[in-house]
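So the structure is just underneath, and the comments pick up after that.
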Amino acid sequence: MAEKTRKRKSEHISISLKNNVQAREGTTGFENALFIHKALPEIDRQQIDLSTTVFDHKFAAPLIVGAITGGTHEATKINATIAEAVEELGLGMGVGSQRAALEDKKLEESFIVARKKAPTAFLIANIGGVQLVNGYGLKEIKKAIEMIEADALAIHLNALQETAQPEGQTNFTGILEKVSHIAEELDKPVIVKETGAGIAAEEARKMESAGVKGIDVSGAGGTSWAAVEYYRAKELQDASRRRIGELFWDWGIPTAVSIVEASQTVNIPIIASGGVRNGVDVAKALALGSDLTSLSQPVLCAAVKGVGETRNMLSLLMDELRNVMFLVGAESIGTLCRAPVVIVGKTAEWLRVRGFDIESYARRGGN
Ligand SMILES: Cc1cc2nc3c(=O)[nH]c(=O)nc-3n(C[C@H](O)[C@H](O)[C@H](O)COP(=O)(O)O)c2cc1C
């Protein structure tokens, strides 16, 4: 079992690096969220403070690296590289699903290395929600947390991926109750995260009621798991799976939409991910209602090149974020989060039909 999991994880990495597994252009909805440029910013760019406190932890910027990997030799290097970069920059990171290491102790090192290289950064343990349905309980969860001395646990939801992969586990019955049990018993914050298909308002409300302390929307627009499975199916010459991968390539709630749906519905921190690709996306995600932002695929591409590349790409994002803050006159993340945003196009249409007051975003600060 562990061997199969390890092999699959390895394929995910190589496919994501070799092929275009991104949703089609314009899926995130970020292009439909527009800041109002301030010709008179009245602030000094040098004085802008990017820091923010979420989950009682101070981050140098509202940016973390989303769950990617673990459980293989190359994953050890990738996790070590990312950990070193986020430690230096004062950010945070999630490790990939720890299932492989729970099945085979020998694989623990690929996760442990993250804490070794990042002694003070905010680290998030990771386990699949479907594993809870299939028998994992508090004992396994605690082990996963202890493995990396995690600050929080992410339970990932990947229904889309499970339907698209041949070995998919598609019984999600009772999953919320399992999440609720873990959230109740654990002394660390439980974050529920999607993996590229987004989280709707109704589901966010259920998660909050279940005791979840944070939601990572991971919406549609970035890495597409249907696309990853499309390439796996191609390799296996599995025509029907390949068709499924193609059909569901862009499935899901666009990231920008999901941020609004979740943040307008619950009172717990929202992490925005799914196609966050630059500092402008980061700024938009924050102004739409998220508390932190996260990205995975671009960091994976940088991490295989080294610590320097990873640090540079994350620093560049922070610099771009600072530029946006300057151009909208926001000296702090709190002010950026209240900056007026005009929501247009299909993102506006979606949110209006769903009953959200999008005009209030444009009216912020008066005009
Ligand atoms: C190669 C790869 C492996 C991933 N593995 C996991 C995982 O084990 N657990 C998880 O919660 N998310 C996993 N994800 C999903 C990401 O955390 C994230 O939700 C998703 O990729 C969207 O972000 P992005 O568009 O910036 O890549 C993985 C993503 C990639 C690219």
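The values are calculated or read from the model by the stated rules, or taken from the named source; none is laboratory data. These numbers come from a predicted model, not from an experiment. With ideal geometry, Cβ positions are generated from the backbone for all residues, glycine too; neighbour counts draw on all protein chains shown. Quick note on the areas: whole protein, heavy atoms, side chains included, nothing else; ligands and nucleic acids left out. Shrake-Rupley method; radii C 1.70, N 1.55, O 1.52, S 1.80 Å.
Helix 73-89 sits at what angle to the longest principal axis of the chain, using alpha carbons and giving 0 to 90 degrees rounded to 10?
Once rounded, one gets 30 degrees.
Over the chain, what relative contact order in percent results from Cα pairs under 8 Å that are six or more residues apart?
Averaging sequence separation for qualifying contacts and normalising by length gives 22 percent for the chain.
For the chain, state the semi-axes of the equivalent ellipsoid (square roots of 5 times the eigenvalues of the alpha-carbon gyration tensor), sorted largest first and rounded to whole angstrom.
For the chain, the semi-axes come out at 31, 23, 20 Å.
From Cα pairs below 8 angstrom and at least 6 apart in sequence, can you work out the relative contact order of the range 186-283, rounded to a whole percent?
Relative contact order for the range 186-283 comes out at 37 percent.
With a 1.4 Å probe and all protein chains left in place, how much of the accessible area of the range 88-180 comes from carbon and sulfur atoms, in whole percent?
Within the range 88-180, the accessible surface is 52 percent carbon and sulfur.
Accessible area per residue, 1.4 Å probe, Å², for the range 116-229: what's the number?
38 Å²
Which value in nm describes the separation of the simple spin-label points at residue 47 and residue 146, placed 7 Å from the Cα toward the beta carbon?
5.0 nm
Which value, in debye to the nearest 20, gives the size of the charge dipole of the chain about its Cα centre, when Lys and Arg are +1 and Asp and Glu are -1 at the Cβ?
My answer is approximately 560 debye.
So, by mean Cβ neighbours within 10 angstrom, what's the order for 6-12, 76-82, 34-40 with the highest one leading?
76-82, 6-12, 34-40
If packing is taken as the average number of other Cβ atoms within 10 Å across a peptide's residues, how do 332-340, 352-360, 147-155 rank, most packed first?
147-155, 332-340, 352-360
How much FRET efficiency would the formula 1/(1 + (r/R0)^6) give for residue 36 and residue 200, where r is the Cβ-Cβ distance and R0 is 41 Å, rounded to 0.05?
Once rounded, the FRET efficiency stands at 0.90.
Which listed residue (118, 129, 144) has the Cα farthest towards the positive end of the charge dipole for the range 107-169, taking +1 on Lys and Arg C-beta and -1 on Asp and Glu C-beta about the Cα centre?
The listed residue farthest towards the positive side: 118.
Using the Cα centre of the chain as origin and beta-carbon charges of +1 (Lys, Arg) and -1 (Asp, Glu), tell me which of 348, 336, 306 is placed farthest towards the positive end of the dipole.
About the Cα centre, the residue reaching furthest to the positive side is 306.
If Lys and Arg each add +1 and Asp and Glu each add -1, what is the summed charge of the other residues whose beta carbon sits under 9 Å from the beta carbon of residue 80?
With Lys, Arg at +1 and Asp, Glu at -1, the net is +2.
In the chain, what percentage of the DSSP-assigned beta bridges are antiparallel, given to the nearest 5?
20 percent
Could you order peptides 280-288, 124-132 by the average number of other Cβ atoms within 10 Å of their residues, highest first?
Those peptides, ordered most packed to least, come out 280-288, 124-132.
In percent, how large is the relative contact order of the range 44-186, given Cα pairs closer than 8 Å and 6 or more residues apart?
Dividing the mean separation by the residue count of the range 44-186 yields 19 percent.
About the Cα centre of the range 2-44, what is the dipole size in debye to 20, counting +1 per Lys and Arg Cβ and -1 per Asp and Glu Cβ, all else neutral?
Computed about the Cα centre, the dipole is about 600 debye.
Place a +1 charge on the Cβ of each Lys and Arg in the range 240-367 and a -1 charge on the Cβ of each Asp and Glu, then give the dipole magnitude about the Cα centre in debye, rounded to the nearest 20.
Dipole of the range 240-367, to the nearest 20 debye: 280 debye.
If I model a spin label as a point 7 Å beyond the Cα along the Cα-Cβ vector, how far apart are those points for residue 24 and residue 116 in nm?
4.6 nm
Run the quick spin-label model on residue 172 and residue 184: label points 7 Å from Cα toward the beta carbon, then report their separation in nm to one decimal.
In this crude label model, residue 172 to residue 184 measures out at 2.2 nm.
If we count every other residue with Cβ under 14 angstrom of residue 306's Cβ, Lys/Arg +1 and Asp/Glu -1, where does the sum land?
Counting the neighbours of residue 306, the net charge comes to 0.
Residue 254: net charge of surrounding residues, Cβ under 13 Å, Lys/Arg +1, Asp/Glu -1, itself excluded?
-3
Which of the pairs 106/305; 77/142; 18/188; 38/305; 106/284; 193/305 have their Cα atoms more than 30 Å apart in this structure?
Violating the 30 Å Cα-Cα cut-off are 18/188; 38/305; 106/284.
Could you give the semi-axes, largest first, of the ellipsoid that matches the range 1-86, computed as the square roots of 5 times the alpha carbon gyration tensor eigenvalues and rounded to whole Å?
Semi-axis lengths for the range 1-86 are 36, 21, 11 Å.
Positive end of the charge dipole of the chain (Lys, Arg +1 and Asp, Glu -1 on Cβ, about the Cα centre): tell me which of 327, 212, 107 has its Cα farthest that way.
Checked the options; the winner is 107.
Suppose R0 equals 22 Å; then what is the FRET efficiency for residue 362 and residue 335 from their Cβ-Cβ distance, rounded to the nearest 0.05?
0.85
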